Amino acid sequence: MTGHAAPPVPDQSDWREPLFSERRLRALLLLGVVLWLGLVVVLPLGQLLAKSLYDGSGTFVGLANFRAYFANPALSRSLANSLRVALWTTALAVPLGFAFAYGLTRTAIPGKGFFRGLAMAPLFAPTLLYGITLIYLFGRKGLVTTGFFGFASRTLGIDAGWDIGLYGPVGIIISETIFTFPQAMLILSIALRTTDARLYEAARSLGASPPRIFFTVTLPGVKYGLLSAVFVCFILSFTDFGAPKVVGGQYNVLATDIYKQVIGQQNFAMGATVGVVLLFPTLLAFFLDRLAQRRQAALIVARAVPLPPCETALVNRLYFAFCSLIALLLLIFLGTALLASLVRVWPYDLSLSLRHFRFGDMGGGGYAALGNSVAMAGLSAILGTAATFGSAYLVEKTRGASALRQTAYFLSMAPLALPGMVIGLAYIFFFNAPAWQVAGVRLPSPVHWLYGTMGLLVLSNVVHFYSVCFLTATTALKQLDKEFEAVSESMAVPFYRTFWRVTVPVCLPAVLEIAQFLFVNAMATVSAVIFLYSADLPLASVAVANMDDAGDTAPAAAMSVCIVAVSILVRLLFGAAAARLSRRSQRWMAP
Amino acid sequence: MDQTPGADGSYLAAQNVVKRYGRFTALNDVGFTAARGEFVSVLGPSGCGKTTLLRIVAGLERQDAGRVVISGRDVSALPVSRRNVGIVFQSYALFPNLTAADNVAYGLRSGPQAGGNIARRVNELLSLVGLTGLQGKYPAQLSGGQQQRVALARAMALSPDILLLDEPLSALDAKVRARLRGEIKALQTRLGVTAIMVTHDQEEALTMADRILVMDHGRVVQHGTPRAIYDQPATPFVAAFIGSMNFLAGAQKRGQGVYQLGRRTLAVWREPQAIETGQTATLGIRPEDVVLGHEELPADERLPARVSGLEFRGATTRVTLALADPRPETAIEADLPAARARELGLETGRLLQILLPPDRVSAYQAA
């Protein structure tokens with residue numbers, strides 16, 4: 001039992017690490033993640049920033065573009081407009097989402113599954129569709145504007161027509177509220193569900209009144225969720241392109257300005273400048289959100305007791321009435337969208353027909369565009385899932401290499417701050433350039449071949465939705481025992497085998513969730529791809545925008561209905577796959 | 001220790017190991033050895049560095065200085081995959097989507113065995129840990145104790161040189177824990193594997209280990225057999241951490257084995273730490289070593305005390321006593337077998353005589 005005796009001479013041959021050790025391989029893969037994100041996020045963004053400092057002919061002009069922008073009231077007014085729309089939308093969507101989420105999580109109302117499913121429905125549609133549907137309801141010949149096509153004045157003798165002045169801020173704000181409502185509702189549902197029942201028991205036992213409990217326990221408990229919902233609603237409505245394009249009228253916002261500068265006037269320098277103006281408030285909101293999220297980590301208690309939904313009968317009835325009202329409005333809205341695509345000539349001939357679904361004689365690409373969109377969404381789902389889950393795995397489950405891991409994490413979260421318009425614009429500049437100037441030397445661009453291909457469309461989608469998928473994967477991976485890697489390493493089993501045999505099977509629900517999210521979003525997105533599609537590769541969502549532009553509103557509605565139908569179909573398929581999966585994995589899932 | 005290959009007779013040796021996390025020193029010049037087939041337990045409070053030490057021996061963490069030698073081979077620079085160690089983690093880290101048999105077989109596929117040999121080896125291992133017939137069960141379908149044994153079988157599958165156990169029983173309830181203590185120890189003895197177990201549970205260490213390493217603040221404070229550690233704790237920390245001990249502060253050394261406490265002189269035969277005559281010391285005695293009685297105790301050794309509290313513990317009774325001297329009143333605790341407690345007819349407020357047997361009292365340097 002002598003503590004430290006002279007050790008035997010170490011065998012030096014054992015000291016060398018094999019050339020392709022696990023540690024090196026993982027570090028190499030992480031480096032790959034960092035380089036790939038650098039190539040598809042940092043460099044294009046840098047290109048966009050650079051572009052805003054040059055004039056149209058390629059001369060460096062410093063901040064002259066920005067001075068020109070703010071000197072021109074026609075342009076700078078859009079910044080104020082965008083802010084106004086975003087603030088109004090946030091002020092409407094967050095309380096509505098909160099009340100709805102509260103009804104779903106904290107009360108004992110019936111039909112929660114139905115309410116939740118219906119509230120999520122707006123997520124499937126391009127935002128263009130909200131604008132189009134609003135036109136059918138509140139537009140010049142809209143159902144409400146004309147008093148149910150004059151029915152009210154004819155039969156009741158009263159003028160029941162109601163013109164809400166749709167075109168402009170009103171239409172945009174209504175559209176964005178419908179668009180952001182499900183997002184706020186989702187975030188707040190999660191926040192409201194993760195609470196500790198013991199806090200409520202303690203408050204009640206101390207004799208606090210229900211309003212006091214609400215303000216001292218409920219609200220503080222979800223404050224980070226509320227902040228997150230505020231930032232998400234703000235960013236989404238601040239940067240959205242679809243709705244303002246359709247119902248904006250003369251009311252310009254930043255996203256439509258970029259489109260007009262780039263596509264309408266071919267003024268790329270000013271387009272880039274507006275893009276940067278759009279980017280900054282978004283970045284600010286992003287960093288504030290991250291800051292709030294970091295605070296939240298300290299708030300979560302490991303062994304919280306779940307709160308069973310319980311409210312008085314009166315409160316339950318109130319929430320049921322509220323949720324039903326929202327559900328009814330959503331149903332009317334979705335029904336109108338469907339009807340708009342089926343009615344022969346709104347509002348003169350209300351007989352139903354499928355003629356708007358015959359896209360052959362329209363611009364936009366018709367069913368070929370829909371096929372392209374499905375292919376693009378499918379590829380984005382497959383490649384995006386592999387990329388996001390793989391990088392989340394490397395970041396989450398690698399020991400050491402902390403500098404690489406932190407860089408990879410930061411770059412994976414960065415796309416969350418990038419509006420689709422900014423990604424699309426940055427990608428034009430980056431991938432369209434046939435050559436790069438590096439330190440005065442002209443190098444042929446190694447990525448130029450992607451321009452105008454399906455590859456670039458898929459890439460833009462993967463990057464656009466990267467962060468949400470990355471976060472989903474990270475959350476799932478964090479729930480795995482952190483010693484799985486150590487166990488397999490101690491048995492000399494290579495990490496990629498454990499990744500395939502254990503990590504992926506256990507995380508399969510999250511993997512399916514990510515794939516489905518990517519598919520649905522890629523189907524509906526307009527903002528990034530509207531700059532990147534080419535004439536031989538038309539896309540369904542872009543076709544909606546173009547047909548609406550050309551005045552073919554009913555076919556545009558029909559195409560939107562096709563997009564929603566495909567997304568719902570895919571969602572059902574995924575749901576069936578997930579159900580089968582959970583039946584199979586029930587054996588090993590904890591009871 | 002005759003069959004060990006190390007030059008100093010040790011099979012596993014960690015020497016002068018240092019590990020820092022930023023400014024925090026988790027391990028400060030730690031060393032220990034284990035003979036082949038020996039069961040060594042690393043015991044200490046949370047944050048003392050014991051798990052870090054285990055992970056460094058395993059090769060899951062890299063030490064900043066020092067070496068690890070297994071079976072005469074310096075493995076300091078080798079990753080865990082090349083050290084031939086089996087690890088049982090605190091959480092077991094069983095793969096939830098694999099059956100018990102597949103979990104045990106997980107490392108075998110890349111090993112020398114193949115095909116039917118794997119199945120045979122898995123059955124052998126599972127019967128070794130008493131889980132025959134549960135091959136097809138998933139971890140979620142097994143009890144905590146069964147999961148623990150699957151983890152043990154998996155760790156032993158590749159016939160490791162060293163078995164490393166990180167708080168292997170902490171996730172189990174008390175009854176199962178007591179049973180598994182014996183089972184793991186028996187299995188380890190039967191297989192003759194050298195085992196290192198990290199634990200914060202003194203009872204676990206005392207019952208299972210051949211030798212205990214007590215750690216505190218990133219250092220080894222004492223190592224020795226369970227009996228030696230319990231009987232002759234080297235420092236007040238060890239004494240208080242393993243079992244419990246009464247400390248009587250303010251004693252002064254008068255000469256060899258003689259201490260003055262208040263107005264009384266006490267014989268003290270144990271001095272784990274060097275104390276010079278005239279120095280102040282703290283006297284320690286375990287509650288079960290305090291002798292209680294009445295006038296029958298020798299008059300020049302007994303101390304008067306008043307019963308200030310009684311705690312019924314089933315087989316034993318803990319008596320809290322207030323010593324009249326030294327002032328201010330000093331509290332001392334004594335554990336009595338139930339029968340003895342009945343005999344003495346203890347009740348609160350009663351005056352008693354106590355005796356501190358000189359061979360059971362230790363003197364420590366005053367803090």
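The values are calculated or read from the model by the stated rules, or taken from the named source; none is laboratory data. Everything quoted here is computed from the prediction, not taken from an experiment. Every residue, glycine among them, receives a Cβ derived from its backbone with ideal geometry; neighbour counts consider all protein chains shown. Surface areas here come from the heavy atoms of the whole protein model, side chains and all, with no ligands, DNA or RNA. Shrake-Rupley method; radii C 1.70, N 1.55, O 1.52, S 1.80 Å.
Per DSSP H run of at least 4 residues, take -39500 (n - 2.57); add these up for the protein assembly as shown, divide by its residues and hand me the 222 nm value, nearest 500 deg cm²/dmol.
-15500 deg cm²/dmol
In Å, what Kirkwood hydrodynamic radius results for the stretch A:363-591 from the alpha-carbon pair distances?
Its Kirkwood hydrodynamic radius stands at 19.6 Å.
For A:Phe231, A:Phe430, A:Phe60, write out the residues from largest to smallest accessible area, computed with a 1.4 angstrom probe and no ligands counted.
Putting A:Phe231, A:Phe430, A:Phe60 in descending order of accessible area: A:Phe60, A:Phe231, A:Phe430.
Note the angle between two axes, namely the Cα long axis of helix B:144-156 and the longest principal axis of the Cα atoms of chain B, as a number of degrees from 0 to 90, rounded to the nearest 10.
Long axis of B:144-156 versus the principal axis of chain B: about 60 degrees.
Just order B:265-275, B:85-95, A:344-354, A:102-112 by mean Cβ neighbour count inside 10 Å, highest at the front, would you?
Taking the mean over residues of other Cβ atoms within 10 Å, the ranking is B:85-95, A:102-112, B:265-275, A:344-354.
Quick one: if you take sqrt(5λ) for each eigenvalue of the C-alpha gyration tensor of the stretch A:490-591, what semi-axes come out, biggest first, whole angstrom?
So the equivalent ellipsoid measures 40, 18, 8 Å along its semi-axes.
Taking the protein assembly as shown as the region of interest, what is the percent of Cα-Cα pairs per 10 angstrom bin, listed from the shortest bin to the one with the maximum distance?
So the P(r) values, bin by bin, are 2, 9, 15, 17, 15, 14, 11, 8, 5, 3, 1, 0.
Given Cα positions, please report Rg to Rh for the stretch A:78-130, the hydrodynamic radius being the Kirkwood one. Don't skip to the answer; put the middle values down first.
On the way: Rg = 14.4 Å, Rh = 13.1 Å.
Value, to two decimals: 1.10.
What distance in nm lies between label points placed 7 Å from Cα along the C-beta direction at B:Ala324 and A:Leu35?
Taking the two extended label points, one gets 8.7 nm.
Taking every residue in A:515-528, how many Cβ atoms of other protein chains lie within 10 Å of its Cβ, on average? Please list the in-between numbers first.
Details: counts 0, 0, 0, 0, 0, 0, 0, 0, 0, 0, 0, 0, 0, 0.
Neighbouring Cβ atoms belonging to other protein chains average 0 per residue here.
Explain nothing, just the number: dipole magnitude of the stretch A:363-591 about its Cα centre with +1 on each Lys and Arg Cβ and -1 on each Asp and Glu Cβ, in debye rounded to the nearest 20.
Once rounded to the nearest 20, the dipole reads 840 debye.
Report in % the part of the accessible area of the stretch A:363-591 that belongs to carbon and sulfur, leaving out ligands and nucleic acids; probe 1.4 Å.
Roughly 65 percent of what the probe reaches on the stretch A:363-591 is carbon or sulfur.
Can you give the relative contact order of chain A as a percent, counting alpha carbon pairs under 8 Å and 6+ residues apart?
20
How far, in degrees from 0 to 90, does helix B:116-128 lean away from the longest principal axis of the Cα atoms of chain B, to the nearest 10?
20
To two decimal places, what compactness ratio does the stretch A:417-492 give when its Cα radius of gyration is scaled by 2.2 N^0.38 Å? If you can, show how the numbers build up before the last one.
Working: Rg = 19.3 Å, N = 76, 2.2 N^0.38 = 11.4 Å.
That works out to 1.69 for the stretch A:417-492.
Hey, if we sort A:Ser402, A:Ser82 by accessible area with the 1.4 Å probe, largest down, what's the order?
So, going from the largest accessible area down, we get A:Ser402, A:Ser82.
Other chains near B:95-102: what is the mean number of their Cβ atoms within 10 Å of each residue's Cβ?
Averaged over the peptide's residues, the number is 5.
How big is the dipole moment of chain A about its Cα centre under a simple scheme where the beta carbon of each Lys and Arg is +1, that of each Asp and Glu is -1, and everything else is neutral? Debye, nearest 20, please.
1040
Do any GluC sites (Glu not before Pro) in the stretch B:321-367 lie in a DSSP loop with no more than 16 other beta carbon atoms within 10 Å, and if so, which?
B:Glu329, B:Glu347
Starting at the first residue of the stretch A:259-275, write each ³J(HN,Hα) from the Karplus equation 6.51 cos²θ - 1.76 cosθ + 1.60 with θ = phi - 60°, in whole Hz, x for Gly and Pro.
For the stretch A:259-275, the Karplus curve yields 4, 5, 4, 7, 7, x, 10, 6, 9, 5, 4, 5, x, 4, 4, 5, x Hz.
Quick one: which of A:188-196, B:185-193, B:12-20 comes out on top by average Cβ neighbours within 10 Å, and what's the full order, highest first?
On the way: A:188-196: 19.3, B:185-193: 15.0, B:12-20: 21.3.
Top of the packing list down: B:12-20, A:188-196, B:185-193.
What percent of all Cα-Cα pairs in chain B falls in each 10 Å bin, counting up from 0?
5, 20, 25, 21, 15, 10, 4, 0
Take the Cβ-Cβ distance between B:Gln141 and A:Asp349 as r, set R0 to 56 Å, and report the resulting FRET efficiency rounded to the nearest 0.05.
On the way: r = 65 Å, r/R0 = 1.15.
It comes to 0.30.
What is the local net charge at A:Val253, summed over the other residues whose Cβ is closer than 15 Å to its Cβ (Lys, Arg +1; Asp, Glu -1)?
Summing Lys and Arg as +1 and Asp and Glu as -1 gives +1.
Expressed as an acute angle from 0 to 90° and rounded to the nearest 10, what is the orientation of the C-alpha long axis of helix B:174-191 relative to the principal long axis of chain B?
It is inclined by approximately 60 degrees.
Hey, can you find the accessible area per residue of chain B for me, probe 1.4 Å, expressed in square angstrom?
Per residue, chain B has 42 Å² of solvent-accessible surface.
Quick check: convex hull of the Cα atoms in the stretch A:132-273, volume per residue, rounded to a whole Å³?
Cα-based convex hull of the stretch A:132-273, divided per residue, equals 161 Å³.
Treating the Cα atoms of the stretch B:133-176 as identical point scatterers in vacuum, please give the log10 of the normalised Debye intensity I(q)/I(0) at q = 0.13, 0.15, 0.31 Å⁻¹, two decimals.
For the stretch B:133-176, the Cα-only Debye profile gives -0.33, -0.43, -1.15.
Of the peptides A:388-399, A:170-181, how do they stack up when ordered by the mean number of other Cβ atoms within 10 Å, highest first?
A:170-181, A:388-399
Taking square-rooted eigenvalues a ≥ b ≥ c of the alpha carbon gyration tensor, is the stretch A:225-346 rounded, prolate or oblate, where a/c under 1.5 means rounded and, failing that, a/b exceeding b/c means prolate?
oblate
How high is the relative contact order of the stretch A:345-476? Use alpha-carbon pairs under 8 Å, at least six apart in sequence, and give a whole percent.
33
When only DSSP loop residues count, what GluC sites (Glu not before Pro) in the stretch B:199-299 have their Cβ near at most 15 other Cβ atoms within 10 Å? If you can, show how the numbers build up before the last one.
Numbers: sites: B:Glu203, B:Glu204, B:Glu276, B:Glu288, B:Glu295, B:Glu296; in loops: B:Glu276, B:Glu295, B:Glu296.
Counting only loop positions with at most 15 other Cβ atoms within 10 Å, the GluC sites (Glu not before Pro) in the stretch B:199-299 are B:Glu276, B:Glu295, B:Glu296.
Over chain B, calculate the relative contact order: mean separation of alpha carbon pairs under 8 Å at least 6 apart, over the residue count, as a percent. Can you show the working numbers first?
Details: 768 pairs, mean separation 56.2, N = 367.
Value for chain B: 15 percent.
Considering only protein heavy atoms, what per residue accessible area in square angstrom results for the stretch A:67-117 with a 1.4 angstrom probe?
Using a 1.4 Å probe on heavy atoms only, each residue of the stretch A:67-117 averages 45 Å².
Given the protein chains as shown and a 1.4 Å probe, how many square angstrom of B:Glu301 are accessible, to the nearest 10?
Solvent-accessible area, nearest 10 Å²: 90 Å².
Computed on protein heavy atoms with a 1.4 Å probe, what is the summed buried accessible area for the chain pair A and B, in Å² to the nearest 100?
When A and B are taken together, about 3700 Å² of accessible area is lost.
Other chains near B:81-88: what is the mean number of their Cβ atoms within 10 Å of each residue's Cβ?
Average neighbour count from other chains, rounded to a whole number: 4.
Can you list residues from other chains, or at least 5 along the same chain, whose modelled amide H is less than 5 Å from the amide H of A:Glu311?
Answer set, sorted by chain and number: A:Ala108.
Using Cα springs under 10 Å in a Gaussian network model of chain B, which residue among B:Gln279, B:Gln63, B:Gln252 shows the largest mean-square fluctuation?
B:Gln279
Each residue of the stretch A:403-420 in turn: what ³J(HN,Hα) in whole Hz from Karplus with 6.51, -1.76, 1.60 and θ = phi - 60°, glycine and Pro shown as x?
5, 5, 5, 5, 4, 4, 5, 4, 5, 6, 7, 4, x, 4, 8, 9, x, x
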